[in-house]
Amino acid sequence: MSLGLGLALVLLLPAAGALAVALVPRRWLPFPGFIALGVAMASLCGVLAIGSKAGAHPSFVLDWSWVPECGLSLSFLVDGLSLFFAVIVLGMGVLVLVYSRGYMAGREGDHRRFYAGLLFFMGSMLGTVFSNNLLLLFIFWELTGLASFLLIGFEHTSEEARRGARMSLLVTAVTGLVMLLGIVMLKQVTGTYDLATILRSPLPQTHKDWLDACLVLLVVGAFGKSAIFPFHFWLPNAMTAPTPVSAYLHSATMVKLGIFLCARLFPIFGERELWAPLLGVPAFSTMLLGAVLALMSSDLKAILAYSTVSQLGYLIGYYALGPNGGVDYDYLHILNHLFYKGSLFMVAGIVEHAAGSRDIGKLGGLAPRLPLTAASCAIACAAMAGLPLTTGFLSKEFMLKEIFSAFSVHGYLGSFAVVCVVLTSLLKVAFSAKIILRVFFGKEPETVTAHFHAPSAWMTLPPAVLSGCALLAGIAPSFLNPLLQPFTVPGLHAGTAEHFQIWHGWTRELWVSLAVVLAGLALYRVSHYGDRPCPGVPSYLKAERLFEWLHEKTIAAGRASVRLFQTDREQSAVLAVTAFAGVTLGAFAWKQVFAGGFGPLLQFVDFTGGMSPLRLLVGVFIVLPALGLVLFRSWGGQLACLGISGFMVTVYFVLGRAPDLALTQLLVETVSIVAIYLLLGRCAKQGLLEQWSDLPSSAMAQGLRVAVSCSVAAAVGVLILVVTGMPHHNPVGNFFIRHTEDMAHGKNAVNTILVDFRGLDTLGEITVLLAAMLGCLGLLMRYRRNSEEQKQGRDLTPGLGLGEEGKS
Amino acid sequence: MQTDTACIVAALFGCGLYLVLSRNLVRTLFGFLLLSNAVNLLLLATSGDPRGKEAPIVGAGNFPAVDPLPQALILTAIVISFAVTAFLVVLVYRLALDHGTTDSEKLFAARSDGEENTP
């Protein structure tokens, strides 16, 4: 099997699985969870097969044309970075699907929707990481946001879930659009959307400002997705999602897309002066802020969310300080976070399931009841705190080492980074201790005892696997080198990675680590002395208030603008439309006057030609009743005027050599007058219509009405003079007259146009008639007499509404 | 043909528009009828001067005939405006039955009240 076909299968499988799970009825597909699991495993095998076939340093492009006009193609880049992320997405996906099996059992809601959402997300993630075309990357990028929206809002009956879903969608989608701007600008500079081409060739030395702006826009996209300050607030609010979703999307994969983008951009922009401060300052600030907020929170998932925010800052900051020539340990940091944070989120789900609460203050003493979970949690917390024998220790040692070396290179930024990293490590020790001690040790509250029920093995095994990985890789780190080696990417990685060892000797980093751990434990002891409750996050640190404010104001502004331009009164609407027409025509006429008066415009008008006494007489009988209609007050008089005017139009048609029109007009006019007489006259007799004439309105409204009517009338009159005055030598109608016999086999050209030449238009006309008829029927048949009324044989006015029964 | 048609159409337009802008929906309906007549005459004016011409029926007499295309358009327009008229008549009738008035101000006020009352 060729690589192209294999990759297409890997990409299509989750999408197909999502469709199947969502659409195939339950009785044909009884276990959506197992289907999803099978799909994820098959895709994982596919990615591993592609990776092994591609060799040690794969980098190749698969290209299918899609929309060549705008440079969009289904182009996929297979290299170390995309394979690494694909393995993470699918491997974590398998574990999360196993975990979901236990988590969702016995839960409300449509499980098929849940699994379809997870598979949809998996497919769009794979698309994002493999995309070679930047526009394609943007499309998949936004699809992941959409999947996240659907999954956060899975329990859509809850207001909180809807709010969190909306917030995450708005933040990630809007920042994604900013990223699109950056992509388009990059295309303007480099001339292509093709990532592999951009990576291969150095950026042009011109357009420096342009490139800097482009970098800023792209980085905004990455920050939005990875919840970096000032977009950090959406991630804690997304914790209303079911826990498997939080573990998968909001710690392991989707929020890592920002890191992925930074890794992709590193070879392109890493040498620029702007790179380090632009990424570093927000990233390190976020790292510290997240850690502080995590220590303040009391909700288990909120602690984890803020610590994720902190860790995402750490990862982006790592790329920011990356020494020239490449970074070395980014995969180690990402894997470490994946292991412990995935495990901790799953543990949080188990605890909530078993003890009925996520609040640290209401938990305790769960270790004897949940030994395996407690062990998983302990290892994961140790990794988070960076204690030895875990991957966390390795990750922190290398981070400290690089940051101490970056200290000299980056000046102020370097010292800022050192301070942030040390303080954050300290805080991490403190809240790791808080999680493990408050949840699993101490006294068990009575509420927990009352609620407790044991979780199934489906739930407890996946976090144990993740924690086991963190522990194994921590004890025997030399395994990691050969594992990560094939994923290195030239340009991003320097290729000078040290061999991972469990013991590096009494180095400077080790002393700092030791001090940090001790200080962190002391901080926990001081801040959470005894049973003091957690302070919670103070409102002035919640950036979502600004977001909510903006959100509300935007909606209010939308309402206000609608109120400004839209009215419920039909007169105002008509007035606006006709006044617009009048103003446009007036402006046109004004321009003509300036261009040399009406002379050139009216030069073809024959003012007296074609006048005959008979036609003038008929015209008078059309216009006079129309004026009467305006002036008369009695409804009989008005109806008579309407009829006379309409029938005189019939005569005018005869004079215009249009017998068909005259016939039709005669029929239609008769039926219209009869309908009005019958229906409205009946209402008038029953006293339902108080008057037929105009209702009083203010002098200004009346003046406006007269002015608009007169000016539009004048404009239309001039329009007709000009239009009919223009000589047209070859009217299309001659064609119809010439060919009505030989092509349509009829003598009357008007008829053949209607039923033959333009028959489809007539079909449309008949459809309009049908629609109007159905509308009339709907309006008239709303009332159905009940059996009693039928017995009485009451002769009700047809269509008399239910509400009128009391009145009549 | 031009001047008199222009005058008639302008007058019908003015009267029709004046009626359409009324508060009373029955008057709006009448205005709509006048306006559709006016538009039909406007279209007819584009088929040219009928003097010395015949109806566009082949073999009915001597040529030349008037342009048949505007007539076909008008025929369609008449039928469609009839459909709309019928719908409007029934709509006004329905409003009069249900609310006892065709005053759009009153109807509007009733609707706004209803909106405020509904939770």
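The values are calculated or read from the model by the stated rules, or taken from the named source; none is laboratory data. Note that the structure is a prediction, hence the values are computed from the model and not measured. Quick reminder, even Gly has a Cβ in these numbers, built from the backbone with ideal geometry, and neighbours come from all protein chains shown. The accessibility values were calculated without ligands, DNA or RNA, using every heavy atom of the protein model including side chains. Shrake-Rupley method; radii C 1.70, N 1.55, O 1.52, S 1.80 Å.
Put simply, of A:S395, A:S405, A:S425 the only residue that is of a type in the set (S, T, N, Q), open to solvent by 10 Å² or more (accessible area, probe 1.4 Å) and out of contact with any Pro (no Cβ under 9 Å at 6 or more places or on another chain) is A:S425.
Where residues in segment A:747-777 are assigned to a helix (DSSP H, G or I) and in contact (Cβ under 8 Å) with a residue 24 or more places away in the chain, which of them is nearest to the other protein chains (Cβ to nearest Cβ)?
Per the criteria, the residue is A:V750.
Scanning segment A:596-626 for residues that are open to solvent by 50 Å² or more (accessible area, probe 1.4 Å), among the hydrophobic types (A, V, I, L, M, F, W, C) and either at pLDDT 65 or above or in a helix (DSSP H, G or I) (or both) yields A:F607, A:M611, A:L614, A:L616, A:L617, A:V620, A:F621, A:L624. What about A:S131, is it at pLDDT below 90 and among the small types (G, A, S)? Here the answer is no, as A:S131 does not meet what is asked. In this structure, is A:I436 touching a Cys at 6+ places or on another chain (Cβ under 7 Å) and part of a helix (DSSP H, G or I)? Criteria met by A:I436.
Residue-wise test of (1) at the interface with chain A (Cβ under 7 Å from one of its Cβ atoms); (2) assigned to a helix (DSSP H, G or I).
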residue: B:D4; (1), (2): yes, yes
residue: B:A10; (1), (2): yes, yes
residue: B:L19; (1), (2): yes, yes
residue: B:F32; (1), (2): no, yes
residue: B:L35; (1), (2): no, yes
residue: B:A38; (1), (2): no, yes
residue: B:L44; (1), (2): yes, yes
residue: B:P50; (1), (2): yes, no
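Candidates are the residues of segment A:129-139 that are touching a residue at least 24 places away in the same chain (Cβ under 8 Å) and more than 16 Å from A:L13 (Cβ to Cβ); the one that is surrounded by the fewest Cβ atoms within 10 Å (Cβ to Cβ) is A:L135.
Taking the conditions (1) more than 7 Å from every other protein chain (Cβ to nearest Cβ); (2) farther than 25 Å from A:L769 by Cα; (3) not in a loop (DSSP other than H, G, I, E, B) in turn, B:C15 satisfies each one other than (1). The listed residues are A:I360, A:I379, A:I403, and the only one of them that is in the same structural domain as A:M296 (by TED's automatic domain parsing), within 25 Å of A:M296 (Cα to Cα) and at pLDDT below 85 turns out to be A:I360. Can you confirm whether A:F284 is farther than 23 Å from A:S357 by Cα, among the hydrophobic types (A, V, I, L, M, F, W, C) and open to solvent by 10 Å² or more (accessible area, probe 1.4 Å)? Taking the combined requirement at face value, the residue does not satisfy it. Listed by first and then second residue, the pairs with beta-carbon distance under 7 Å, at least 6 apart or on different chains, first residue in segment A:448-473 and farther than 18 Å from A:G356 by Cα, second among the polar types (S, T, N, Q) and part of a loop (DSSP other than H, G, I, E, B), are A:A470/A:T390; A:L471/A:T390.
Pairing residues of segment A:268-287 that are at negative phi with residues that are open to solvent by 40 Å² or more (accessible area, probe 1.4 Å) and assigned to a loop (DSSP other than H, G, I, E, B), at Cβ distances under 6 Å and at least 6 apart in sequence or on separate chains, gives A:P282/A:F229; A:S285/A:F229; A:T286/A:F229. A count restricted to segment A:720-746 and to residues that are assigned to a helix (DSSP H, G or I) and either within 8 Å of chain B (Cβ to nearest Cβ) or open to solvent by less than 60 Å² (accessible area, probe 1.4 Å) (or both) stands at 11.
Filtering segment A:502-516 to residues that are farther than 19 Å from A:P477 by Cβ and of a type in the set (V, I, T) leaves A:V512, A:V516. Please go through segment A:346-404 and pick out each residue that is outside any helix (DSSP H, G or I) and within 30 Å of A:G317 (Cα to Cα). Correct list: A:G386, A:L387, A:P388, A:L389, A:T390. Only one of the numbered conditions (1) surrounded by fewer than 24 Cβ atoms within 10 Å (Cβ to Cβ); (2) among the aliphatic types (A, V, I, L, M); (3) touching a Ser or Thr at 6+ places or on another chain (Cβ under 7 Å) is violated by A:M125, and that is (1).
From the list B:F30, B:F108, B:F13, which one is free of Cβ contacts under 8 Å to residues at least 24 places away in the same chain and open to solvent by 30 Å² or more (accessible area, probe 1.4 Å)?
Result: B:F108 is the single residue among B:F30, B:F108, B:F13 that is free of Cβ contacts under 8 Å to residues at least 24 places away in the same chain and open to solvent by 30 Å² or more (accessible area, probe 1.4 Å).
Here segment A:48-77 is the region considered, the condition is being out of contact with any helix residue (DSSP H, G or I) (no Cβ under 6 Å at 6 or more places or on another chain), in contact (Cβ under 8 Å) with a residue 24 or more places away in the chain and aliphatic (A, V, I, L, M), and the residue that is nearest to A:L261 (Cα to Cα) is A:L74.
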